[in-house]
1. Indicate, rounded to the nearest 5 percent, the antiparallel portion of the DSSP beta bridges found entirely in the stretch 40-162.
2. Give the relative contact order (percent, whole number) for the stretch 150-309; include only Cα pairs under 8 Å separated by 6+ residues.
3. Give me the dipole magnitude in Debye, nearest 20, for the stretch 181-280 about the Cα centre, with unit charges on the beta carbon: positive for Lys and Arg, negative for Asp and Glu.
4. Sum -39500 (n - 2.57) across every DSSP H segment of at least 4 residues in the chain, then divide by the residue count to get the 222 nm mean residue ellipticity, nearest 500.
5. What relative contact order, as a whole-number percentage, does the stretch 9-308 give when Cα pairs under 8 Å and 6 or more residues apart are counted?
6. Check which residues have an amide H placed less than 5 Å from Ile18's amide H, if you skip close sequence neighbours.
7. Per 10 Å bin, what is the whole-percent P(r) computed from every C-alpha pair distance within the chain?
8. Just how large is the dipole of the chain about the Cα centre, in debye to the nearest 20, putting +1 at every Lys and Arg Cβ and -1 at every Asp and Glu Cβ?
Amino acid sequence: MVAETVLTPANLIWPLFIAEGEGVEEPIASLPGVSRWSVDHIVARAREARALGIPCVALFQNTPRALRTDDAGEALNPDNLICRAVRAVKDAVPEIGILTDVALDPYTAHGHDGIVDDKGYVLNDVTSAILVEQALVQAEAGADIVAPSDMMDGRVGAIRQALEQRGHHNVQIMAYAAKYASAFYGPFRDAVGSRGLLKGDKKAYQMDYANAEEALREVAMDLAEGADTVMVKPGLPYLDIVRRVKERFEVPVFAYQVSGEYAMIEASAAAGAGDRDALVLETLTAFRRAGCSGVLTYHAPHAARLLAG
Ligand code: PBG
């Protein structure tokens, strides 16, 4: 009766990985319990989310190696895996919200989120122009929320303007506003097939984990440019950032409990060091306590089942 915080399935967003083919399930070794699914299976997962009361799925694609290029052209193909999955889910489960990732890393031959110069430096403005086209392609396919996760400057404003011009007034932008250059993304890079390709690190565009005030400046910029909601990422080690963003800006704040965090909980449970169900509910409730409206988590269906009792 006196609990200050409530966690429900409505607070969960379920990230899903898409693979080419039909009837395909590819387990991801570094993310035990998580698979890449072909589009037909993704539709089934969306039905499952709907039945569990999870309002939204986040889609990521593993691009076939041959389609990864320096200019990330496949990101702009209206028939790429993401767009096919968005259309299939919208068709079969229209009630579910669909969030798509705007960034080039699953499409570039070098695994960076943007276009690089001959020294390997990611070019902000060149990349931003492509991200605008990518967001439009995803919106045309039926995405409800586009989520730029690339950390280029100015891309939220450019995407908002382009969405308005093309009549996508109701497509929301969830900005990965404070995204840190983190060691917790490893299993995700396996899932989208970019780990082995990545040259160097992402410190030139993702944030230094020593900084908090910088996160507030990043959030302020994205909100001024038209972001509807903002995200902090990774999750659990950054709850101080969530709290400061929430108190400063009073907007819906989301956090991404990222792949490495999921893997830590699974490893702890597998080693007998911790109780999986208890760890899942405690960590997700902590996000809510810190001020999150919702959490992107690979534990979403499991947590929803636990909450249903
Ligand atoms: C890429 C992207 C990443 C994640 C979401 N979008 C990885 C990265 O920035 O290298 C990480 C999610 C996770 O680890 O679960 N733009």
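Where a number appears in this text, it was derived from the coordinates with a stated rule and is not lab data. All values derive from a computational prediction rather than experimental measurement. Cβ: placed from backbone, ideal geometry, glycine included. Neighbour counts: every protein chain shown.
1. Details: 1 of 10 bridges.
Given both bridge residues lie in the stretch 40-162, the antiparallel proportion sits at roughly 10 percent.
2. Values: 217 pairs, mean separation 37.7, N = 160.
Contact order relative to length: 24 percent.
3. Details: 12 positive and 16 negative charges, 61 e Å.
The dipole of the stretch 181-280 has a size of about 300 debye.
4. Numbers: 10 runs with 120 residues, N = 309.
My calculation for the chain gives -12000 deg cm²/dmol from helical runs alone.
5. Details: 615 pairs, mean separation 56.2, N = 300.
Relative contact order, the stretch 9-308: 19 percent.
6. Residues meeting the criterion, in which the H sits 1.01 Å from N, are Trp37, Phe60, Gln61, Asn62.
7. 6, 28, 39, 22, 4, 0, 0
8. On the way: 29 positive and 42 negative charges, 102 e Å.
Charge dipole, the chain, about its Cα centre: 480 debye, nearest 20.
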